[in-house]
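Everything below concerns the one structure shown next.
The values are calculated or read from the model by the stated rules, or taken from the named source; none is laboratory data. Note that the coordinates shown come from a computational prediction; the quantities given were computed from them, not determined experimentally. Glycine also receives a Cβ, built like all others from the backbone with ideal geometry; neighbour counts cover every protein chain displayed. What goes into the accessible areas is simple: the full protein's heavy atoms, side chains included, and nothing from ligands, DNA or RNA. Shrake-Rupley method; radii C 1.70, N 1.55, O 1.52, S 1.80 Å.
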Amino acid sequence: MENIGKTWMLSGWLESGTDLEAAELAKQVDKCLFAKDGVSQGSGEFLGGKVAEFWGDKLEGNLPLLVILYPDEAAFREGSNFYISWLDLLCYRHKIIWAEEKSLFLTERLVSNYNQIVGMRNTSRQILKRKLKQIILSILR
């Protein structure tokens, strides 16, 4: 969980290019930064630009990457006004991810403890039945 709370965000603009070329460029950025073949986990648009998000195969030990490719410099400059909003959004999302990870951990622990208690209860019942049988047999003798 060392990377929970960390997201890389890269933004820029493309002078020209298709949506497919923008998606491929975002994928290459992920590959260059993290030496892996990234698969976009989500994509969308913001101020006319293309947004792609990359995650590893699991949350633990991976750094998410958000790539925003605006259509021109003017959109890029306008997008820079939203930097603090992006930080807030990512901060809230990381809190949600952290809470989800904690809830999964606590659920596993709860199930494990429950199974242990049920096992001890069943063992205790068997012991009590044997003791009760011995007491009854000793009384009847």
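Look through LEU14, LEU63, LEU33, LEU47 and report the one residue that is in contact with a Gly (Cβ under 9 Å, 6 or more places away or on another chain), at pLDDT below 85 and either farther than 28 Å from PHE105 by Cβ or among the aliphatic types (A, V, I, L, M) (or both). After applying the criteria, what remains is LEU63. Among the numbered conditions (1) open to solvent by less than 40 Å² (accessible area, probe 1.4 Å); (2) of a type in the set (A, V, I, L, M); (3) at pLDDT below 85, the only one that ILE68 does not meet is (3). Among the residues making up segment 18-39, those that are open to solvent by less than 60 Å² (accessible area, probe 1.4 Å) and either under 13 Å from LEU63 (Cα atoms) or without any contact (Cβ under 8 Å) to a residue 12 or more places away in the chain (or both) are ASP30, PHE34, LYS36, GLY38.
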